[in-house]
Structure formats: structure tokens, C-alpha cells
Amino acid sequence: MTIQYFHFPAASRWQTVCALLLLAQAPAQGADLKIESLKNATAKTSPLTVKELEEAEPFPSKAVTPEALEDMRRRFRELNPDTLRTERKSSADTLAKGVPSKVADPSANNPYWSTGKLTFTKKSDGKLKRCTAQFVDDLKVILTAAHCVYDVDAKGWNSNFTFQRAYSDGTAAQTVSWRCLSIFDAYHAPSENLAYDYAFILADKNDEQAPLVMTTGIPVSAPLTAIGYPQTHGGGKFLYKVDGDWASVDRGIVTMSGNPMRGGNSGGAWFSNFKVDGGSGENLVISLNSHHLEGNDTDENGPEFTADTVRLKEHVRDGKCL
């Protein structure tokens, strides 16, 4: 295990020490990870109509068995043998956590304004589905869950991706299409592994707000905040946020306690050091809504962001997915 200190020049020394010190688990890059990419052949600005976008169904929340989860962790460990398991104690104010609240106007404040609804056509049934996504680190890079872009059951890509930034009840601050996207082959080969449940999309337009900052490592402080467009809260029409705790990280998969959002929230970011309109060193994206154990209505799992995650993001940022 190594300790990494993340420095942000614009932040004060107090901000850096109190908000940004991260105990990085930083496993070595996976030995056999290969990048798979899909290019948009249509080059349409918005392939879906307003009516289609509104009628899209929430992508069902992924529920996995304990046996399947253990198998995914085992396979991640095979690629990253130096990974460790850590557990965290919940913070004292647990009574205030685990209760999602609606964001009245996501276009008005950081970090909400970079998040939005991602709509697409699912390969296996041809139906329109929706997830959550957000601009990260670069004006044209969008982060979401891999299961929102790749259909494991059909063994192929979804299509017609349309991102509505700062969506709220039928309106959006900005609508963008996509040029290309990338995932790791380890997400679906030889079988699904949600430790790699992240994807990056190269948008056809710049984010009109400052994008979010993504980082790796385990935060010193356990509290987390997750966001998304869950069907279980607000019917997917509104952005919701929920405060919880970083409970554990085990072989590539992080558990957030106090995150009951389900259906359509997949791909929504998890923040460390969350603060509305926060500055440098705050609102760091450290994972995303991915899946949960069968029968668990209070916790959510997400992929651990590692050096490989950064490598995939930079691959897309540099246009190599084209």
C-alpha cells in the first residue's frame, strides 16, 4: 500500500491537508486489460427525439448474488494481485444519511450542473433506456457505467447515446451527442465483472460548465455523496442526491452504505468531500452507482477507480477511441 498526496495549486494549505489527503490503495495496472471502443458512424447531433427521450425506461438496477460478487472480486485480484481489503467505520451522523433529496435546479450549482440523463437504445431488446452520466476532467469527456453502454446479454454495444446535461423534469441545460466511447474488455470477458463497470464517452460538444474532477484513492473521511436520476425517487424526472458512507473496498469493488437509489441512477457519480458550489479539492469523483447485492435496499456498490481508470479516460480524452 502506498500513500499519495494530491495537491491542487489553487487550494489553500488548510484545504489541501483537511480535504484532499487520500490514502491511495493504487493497485498496479491490470496486466491484460485491453481497451474496446465504439465509434459513432451516424454523426448525428441528437439521434433521439424529445418524445423518445422522455419515454425512455429506467435501466434496472443491477442486483448480484454474493457468489457472483465474490467471483468478480477474485478475477479483479488476479489482474491486480497487490489489492487489499479495507473497511471503514460509519461517521457519527448516520441518522441524517441514506435519505435521498431532490435537487431543485441542477443547472444552478456545482457539482450538479455537470450531471445529466444518458438515454440510449439497448441492443438486446431495441428499447430506449436511461442512466445517469456526467462530464469529468475534460470539456468533452463523459463518465457513466459500462453496463449503460455495453449489453452483456447481447454481447454487443448499445446505441443512440444522447446526454442531457442538468436535466430536470423535461428540460435540460444542454443536449449533446457522442463521437466515440471506450470500456475495458475485462468488463464483459470472459463474463461480466462490475469492478470495471465504468465507461468514458467523447461528446460532440464541450461542457458549458466546468467539468467535475475525478481522482483515485480512498478518502481520509468516510462520508460520501451519490447523485443520480433514480426511478425509486422522483420517477427519474429529477436529479437526486444522497449522503452515505464509504463502508469498504474489496478487490476492486467499493461499497457505499446509505444509498437506496435504484433504477436509472446507474452511472451517477460518488463524491468525496462534497460541498455545493465547492472549490478546488472538493466534490472529487471517486466512484459511481453500479450494482447492489440481491435483497439489499440500503447499500450500493461501485467500481474502485485506479490507474487503469485514468488510463481509459485519457484514451478517450485524446480521441483514440476514434
* Rg over Rh, two decimals, the range 159-305 (C-alpha only, Kirkwood Rh) -> 0.95
* Structure fact -> Burial-style ranking of 163-175, 186-198, average other-beta-carbon count within 10 Å with highest first, yields 186-198, 163-175
* When the Cα centres of the range 114-176 and the range 269-321 are compared, how far apart do they sit, in Å? -> 15
* Among the lysines, which have Cα under 28 Å from the Cα of Lys39 when same-chain residues fewer than 8 positions away are ignored? -> Lys51, Lys62, Lys117, Lys122, Lys123, Lys127, Lys129, Lys140, Lys155, Lys205, Lys313, Lys320
* Structure fact -> For the range 32-317 (alpha-carbon point model, no solvent) the Debye-based log₁₀ I(q)/I(0) at q = 0.10 Å⁻¹ works out to -0.44
* Calculate how many DSSP beta bridges within the range 32-317 are antiparallel, expressed in % of all such bridges and rounded to the nearest 5. => 90
* Over the range 32-317, what is the relative contact order in whole percent, taking alpha-carbon pairs under 8 Å and six or more residues apart? -> 26
* Structure fact -> Taking only the alpha-carbon atoms of the range 267-318, the convex hull volume per residue, in cubic angstrom, is 114
* Per residue of the chain, what 222 nm ellipticity follows from adding -39500 (n - 2.57) for every DSSP H run with n ≥ 4, rounded to the nearest 500? -> -3500 deg cm²/dmol
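Computed from the coordinates by the stated procedures, all read-outs in this text should not be read as laboratory data. As the structure is a computational prediction, the values presented were derived from the model and not from experiment. Cβ atoms come from the backbone with ideal geometry, glycine included; neighbour counts cover every protein chain shown.
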